[in-house]
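Laboratory data are not the source of any read-out in this text; all were calculated from the coordinates shown. Worth saying up front: this structure is predicted, and the values here are computed from it rather than measured. Backbone-built Cβ (ideal geometry, glycine too); neighbour counts: all protein chains shown.
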Amino acid sequence: MSDADHSLYVRKSDEGIMVITIYVDDLIVGGDNEKEVEHVKRLLKQKFDMKDLGELKFFLGIEVIRTAKGIWLSQR
């Protein structure tokens, strides 16, 4: 039996890094190439009944805050 985490998928390519995190019926799709992220989301929408809720703000009780200095995670 493998110890791999089947809820986190990472792809590195010439276009950049793509990360998909899955928890039950929620997905987080992100990466360092916005065009590639949008392309992957379009492909997923063709295969699955899903909607894009926009920029990540909360996930599993963790608040995601974006600033000019980076991304902050907060669990109040």
What shape does region 17-73 take by its C-alpha gyration tensor, where a ≥ b ≥ c are the square roots of the eigenvalues and a/c under 1.5 counts as rounded, a/b above b/c as prolate, and the rest as oblate? oblate
Using the Cα centre as the reference, give the magnitude of the dipole from point charges on the C-beta atoms of the chain (Lys, Arg: +1; Asp, Glu: -1; all else neutral), rounded to the nearest 20 debye. 200 debye
Taking 0.36 nm per residue of sequence separation and subtracting the Cα-Cα distance, how much length would be gained by fully extending the chain between L8 and K57, in nm to one decimal? 15.7 nm
Within region 22-76, which chymotrypsin sites (Phe, Trp or Tyr not before Pro) sit in a loop by DSSP and count at most 13 neighbouring Cβ atoms inside 10 Å? F48
Please compute the modelled spin-label separation between M50 and D26, points set 7 Å along Cα→Cβ, answer in nm with one decimal. 1.4 nm
Using label points projected 7 Å from each Cα along Cα→Cβ, tell me how many nm separate L73 and E34, to one decimal. 2.4 nm
Gaussian network model of the chain, springs between alpha carbon atoms under 10 Å - residue of D14, D49, D26 with greatest fluctuation: D14
